[in-house]
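Have a look at the structure below, then the notes.
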Amino acid sequence: MKLWKKILVAVGGLLGVAALGGGGLVWMRVSAYDSSMSQVYAFALPKIERSTDPLVLARGKHLVESLGGCAANDCHGADLSGGKTISMGPVATITAPNITLGGLGAAYSDGELARLIQHGVKKDGRSLTFMPVHEINWLPDNDVQAIVSHIRTLSDSAKANGPMTVGLIGKMLDQSDALILDVARRIDHNHREVAPPPEPTKKYGRFIGKGCTGCHGATLSGGPIPGAPADMPIPSNITPDATGLAGWTFADFEKLLDQGVRKNGKKLDPFMPLESLVTMNEIERKALWDYLTSVPAKEFGNR
């Protein structure tokens with residue numbers, strides 16, 4: 001056999017081995033994802049019941065519209081009857097469901113809703129998909145009660161739930177910790193860290209900042225989201241680095257939250273949850289600002 005043919009055979013063999021190895025890796029990670037999502041978590045229901053106290057209801061409405069992000073268009077929508085569908089190609093198709101009493105809200109008890117918020121598990125004890133509970137389960141019991149109570153006041157909606165599917169690539173990315181789809185697996189169910197009472201400090205802001213990590217990354221330095229479609233906007237750097245918030249003032253930050261306009265005059269992409277940012281109160285804004293300006297400066301893209 002001529003040398004070039006031997007080389008082709010060798011390369012073909014190597015590619016075959018690589019394909020078999022890659023196929024095995026895919027199978028292992030997909031199986032691990034499916035197994036994890038099938039796990040039933042046995043948590044006792046929190047002793048949380050709805051309140052009709054006007055102050056509790058007002059707090060719940062605020063949290064749903066601000067820190068919880070529930071009312072964002074990419075989440076459950078303004079009336080919580082279901083958000084718009086997010087298509088991530090072969091990765092996943094995500095649609096937050098209708099959680100009013102005309103939808104899934106009617107299927108859950110107060111305790112089951114509270115457990116969902118704290119542990120990221122559905123009524124059947126299995127993990128939620130994609131909903132970033134790991135970013136908001138620091139809310140103390142009184143805030144969880146407020147959210148549950150507000151949900152119970154919503155007008156019924158018969159809006160049908162949209163599609164929710166996860167593809168092979170999505171499962172691979174989840175198992176590689178590049179994209180969180182299997183939510184309950186990411187939560188320390190035995191040691192839930194709870195935030196202190198709201199205060200305009202970086203101590204409280206650290207908890208609020210958890211809601212930024214899903215897009216901007218664990219270091220908050222932004223960069224392309226792994227597995228995201230090419231047309232999905234790239235999150236910016238929100239650390240004190242020169243490629244981020246260096247040179248910004250609190251006034252610049254407030255303008256960003258209120259008007260969706262950066263210091264350089266450029267508008268934020270609509271992918272950002274502007275409807276949630278604008279509803280943050282003064283304590284939350286100052287707390288988040290103090291936290292963001294205290295984190296280590298990282299160059300853009302070091303997620």
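Tabulated values for the structure
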quantity: Local electrostatic count, residue 253, Cβ distance below 14 Å [Lys/Arg +1, Asp/Glu -1]; calculated: 0
quantity: Between the stretch 142-174 and the stretch 255-269, the Cα center-to-center distance that results, in Å; calculated: 28
quantity: Gain on full stretching of the segment that runs from residue 159 to residue 246 - 0.36 nm per residue minus C-alpha separation; calculated: 26.9 nm
quantity: Amide H within-cut-off set for residue 300, under 5 Å, with H built and near neighbours excluded; calculated: 243
quantity: Packing-based ranking, highest mean first, of 286-296, 81-91 given that Cβ atoms within 10 Å are counted; calculated: 286-296, 81-91
quantity: Neighbourhood charge, 12 Å Cβ-Cβ cut-off, centred on residue 205 and excluding it, Lys, Arg +1 and Asp, Glu -1; calculated: +3
quantity: Partner lysines for residue 47 [C-alpha distance under 28 Å; skip if fewer than 8 residues away on the same chain]; calculated: 61, 122, 123, 203, 210
quantity: Accessible carbon and sulfur surface of the chain relative to its total accessible area, %, 1.4 Å; calculated: 60
quantity: For the chain, calculated [θ]222 nm from helices alone, where every DSSP H run of n ≥ 4 adds -39500 (n - 2.57); calculated: -11500 deg cm²/dmol
quantity: Approximate spin-label separation residue 87-residue 189, in nm, with each point projected 7 Å along Cα-to-Cβ; calculated: 3.6
quantity: Vicinal HN-Hα couplings computed from phi for the stretch 259-274 (Karplus, 6.51 cos²θ - 1.76 cosθ + 1.60; Hz; Gly/Pro x); calculated: 10, x, 10, 6, 4, 7, x, 7, 6, 5, 5, x, 5, 5, x, 4
quantity: Residue 299 paired with residue 178, simple spin-label distance in nm, labels 7 Å along Cα-to-beta-carbon; calculated: 2.1
quantity: Amide H within-cut-off set for residue 41, under 5 Å, with H built and near neighbours excluded; calculated: 126
quantity: Cα gyration tensor, the chain - rounded (a/c under 1.5), prolate or oblate; calculated: oblate
quantity: For residue 92, distant residues with modelled amide H under 5 Å away; calculated: 167
quantity: Over the stretch 97-244, relative contact order from alpha-carbon pairs under 8 Å, at least 6 apart, %; calculated: 23
quantity: In sequence order, calculated HN-Hα J values of the stretch 198-209 (Karplus, 6.51, -1.76, 1.60; Hz; x Gly/Pro); calculated: x, 8, x, 10, 5, 4, 7, x, 4, 6, 4, x
quantity: Relative contact order [Cα under 8 Å, 6+ residues apart], the stretch 166-303, whole percent; calculated: 34
quantity: The chain: relative contact order in percent, alpha carbon pairs under 8 Å with at least 6 residues between; calculated: 20
quantity: Cα gyration tensor, the stretch 175-303 - rounded (a/c under 1.5), prolate or oblate; calculated: oblate
quantity: At R0 = 22 Å, FRET efficiency that the Cβ-Cβ distance of residue 34 and residue 107 yields, to 0.05; calculated: 0.40
quantity: Extension gain, residue 47 back to residue 25 (0.36 nm per residue minus Cα-Cα distance, nm); calculated: 3.7 nm
quantity: Probe 1.4 Å, accessible area per residue of the stretch 117-247, Å²; calculated: 44
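The values are calculated or read from the model by the stated rules, or taken from the named source; none is laboratory data. Not measured: the values here are computed from a predicted model. As a convention, Cβ positions derive from the backbone with ideal geometry for all residues, glycine included, and neighbour counts pool all protein chains shown. Each accessible area value is taken on the protein alone, full model and side chains, heavy atoms only, with ligands, DNA and RNA left out. Shrake-Rupley method; radii C 1.70, N 1.55, O 1.52, S 1.80 Å.
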